[in-house]
Amino acid sequence: MKIETLRGMKDIVFSDIKKYEYIVKVAKEVFEKYGYERIITPIVEETELFKRSVGDETDVVSKEMYTFLDKGNRSITLRPEGTAGIVRSYLNNGLYKSNPNVKWYYYGSMYRYEAPQKGRYREFHQIGIESLGIRSAFLDAEIIKMGTEFLRRLGITDLTVEINSLGNTNSRKRYIEDLQKTLLENIENLSYDSKIRAEKNPLRVLDSKDEKDKEVIKKVSSLHEYFDEESKNYFNDLKTYLEKLNVKYVVNDKLVRGLDYYSDTVFEIKSNKLGAQSTVLAGGRYDKLTSILANVDSFGVGFAAGIERIMLLLDEDKLPLDDKKVYVVYQNETKDYFLKVINSLLENDIKLIYEYEVKSFSAQMKKANKIGASHVIILGIDEKNENLITLKDFVSGSQEKIDIDTVIERLKNV
Ligand code: HAM
């Protein structure tokens, strides 16, 4: 019986893997320019890490985690996101003492047991950055700029940058108390999910898409009205820096994000071409996370983008063409000569395509056409006897019989 991939999981092959590799390549170029270095953390972590950081009452932790007992009876979880593991690593390595500012980027698979739909999978891939150890509205603006630059370089347009501030813990606490009061007074008019959230995680009701909820939300005041001076100034600074860095944004005061660790800055970059799962890249500041995890006072800000969502937006025509394809034609009588020639070409890092079983000359030429070869190397009996190579350039239409060193020189400079 054929075995399928699990629901919500898929292989990334053919043109999709080309897109994936290209996305990673562009991300590296952009992130490294801003001083970020790669980090790889484990895919599986102690369950407690995500409960404490992402938050027990969030959908991610309460409904969507792939949690198992290992053979030692420990509860372990396939990471639903990357931030928690990275902050754990920052703390474990004592970097907050020796090297407080660390800038890391990462990419890899994440797991959430969600209902699959376009742009939403159970195994998906994120590419993201985390900057630890610095609290600065300039840094927040800079990473938002970096996120837009990354997507723009991939040729993705029609994006909206939504920003908001959740204020600091004090102002948010007062707001949540009042918000909860209003929500509980209107509980009958809330959707099923929001009734539960009103009790457990009232802020999340603010970004509900449900029409009934939206009516109730109209009655609640804005979180911004509860900001103390510090929260107000921080958000104003963020907006000023974004303007100075030429980043266009809209303020959405209902943007709260689905993970509990945020404070002050939050943001999402959205595309109107993705349907319901419109957020391509999202993140924010999480200054309390190090103290929640290890009683250490430090700071952090970052974002992650969904690689599959970027792949849906990436125009195949925008992928850089693999414009050098060299196909080698040979025959039974010249097999030894063929082996000698390909050996030296490969040793000189020339990428080649050839057959493992000799086919007729015309079948090989047909294949060269089919794969869109830019060059054909012909190794017939004449070539073997003269110790030369016929190089056909399909782009210029030229054909010449030359020695191997000249072939290497020509192909290296294409
Ligand atoms: P998040 O909003 O949960 O944030 O996920 C970030 C991005 O990952 C989303 O905007 C989306 O593009 C993609 N994504 C999330 N879930 C799925 C899914 N089931 N299928 C496909 N793509 C998905 C975080 O994960 C935070 N760790 C971001 C962050 C980093 N905040 C600070 N630093």
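The values are calculated or read from the model by the stated rules, or taken from the named source; none is laboratory data. These numbers were taken from a predicted model, which means no experiment stands behind them. Because the Cβ atoms are built from the backbone with ideal geometry, glycine has one as well, and the counts that use them run over all protein chains shown.
Restricting region 84-111 to residues that are under 24 Å from residue 21 (Cβ atoms) and near the ligand (Cβ under 9 Å from one of its atoms), the residue that is nearest to the chain's Cα centre (by Cα) is 110.
Within region 373-414, if we keep just the residues that are of a type in the set (Gly, Ala, Ser) and exposed (fewer than 15 other Cβ atoms within 10 Å of the Cβ), the residue that is modelled with the highest pLDDT turns out to be 398.
Exactly one residue out of 75, 89, 98, 62 is buried (at least 16 other Cβ atoms within 10 Å of the Cβ) and among the polar types (S, T, N, Q): that is 89. Number of residues in region 312-349 that are modelled with pLDDT under 95, under 15 Å from residue 414 (Cβ atoms) and surrounded by 13 or more Cβ atoms within 10 Å (Cβ to Cβ) equals 2.
Among the candidates 238, 242, which residue alone is within 16 Å of the ligand (Cβ to nearest atom), crowded, with 19+ Cβ neighbours inside 10 Å, hydrophobic (A, V, I, L, M, F, W, C) and over 21 Å from residue 60 (Cα atoms)? Working first, answer last.
On the way: 242 fails: within 16 Å of the ligand (Cβ to nearest atom).
Answer to the check: 238.
Residues in region 219-242 that are closer than 9 Å to residue 167 by Cβ and part of a helix (DSSP H, G or I): 8 in all.
Listed here are the strands (runs of 3 or more DSSP E) enclosed by region 277-361 that have at least 3 residues being more than 16 Å from the ligand (Cβ to nearest atom) and aliphatic (A, V, I, L, M): 326-330. The criterion of being of a type in the set (S, T, N, Q) and closer than 16 Å to residue 323 by Cβ does not hold for residue 362. Being aliphatic (A, V, I, L, M) and more than 30 Å from residue 409 (Cα to Cα) is the requirement here; does residue 363 meet it? No; evaluated as a whole, the condition is false for this residue. Only a single item in (1) closer than 30 Å to residue 18 by Cα; (2) loosely packed, with under 13 Cβ neighbours inside 10 Å is not met by residue 162, and it is number (2).
Checking each residue in region 245-268 for being crowded, with 16+ Cβ neighbours inside 10 Å, aliphatic (A, V, I, L, M) and over 11 Å from residue 144 (Cβ atoms) picks out 255, 256, 259. One residue alone among 322, 253 is among the acidic types (Asp, Glu) and closer than 27 Å to residue 202 by Cα, and that residue is 253. Among the residues of region 60-83, those that are within 11 Å of the ligand (Cβ to nearest atom) and either touching a His at 6+ places or on another chain (Cβ under 6 Å) or not charged (D, E, K, R) (or both) comprise 60, 80, 82, 83.
Within region 82-102, residues that are touching a residue at least 12 places away in the same chain (Cβ under 8 Å) and assigned to a loop (DSSP other than H, G, I, E, B) sit with their Cβ atoms under 8 Å from residues that are within 16 Å of the ligand (Cβ to nearest atom) and among the aliphatic types (A, V, I, L, M), at 6+ positions apart or across chains, in these pairs: 82/110; 82/304; 100/132; 100/134; 101/132; 101/134.
Taken over region 113-134, the residue count meeting the criterion of being more than 6 Å from the ligand (Cβ to nearest atom) and among the hydroxyl-bearing types (Ser, Thr, Tyr) is 2.
When the residues of region 245-264 are filtered to those that are within 12 Å of residue 161 (Cβ to Cβ) and within 16 Å of the ligand (Cβ to nearest atom), the one that is farthest from the chain's Cα centre (by Cα) is 252.
Taking the conditions (1) of a type outside the set (Ser, Thr, Tyr); (2) assigned to a loop (DSSP other than H, G, I, E, B); (3) within 37 Å of the chain's Cα centre (by Cα) in turn, residue 369 satisfies each one other than (2).
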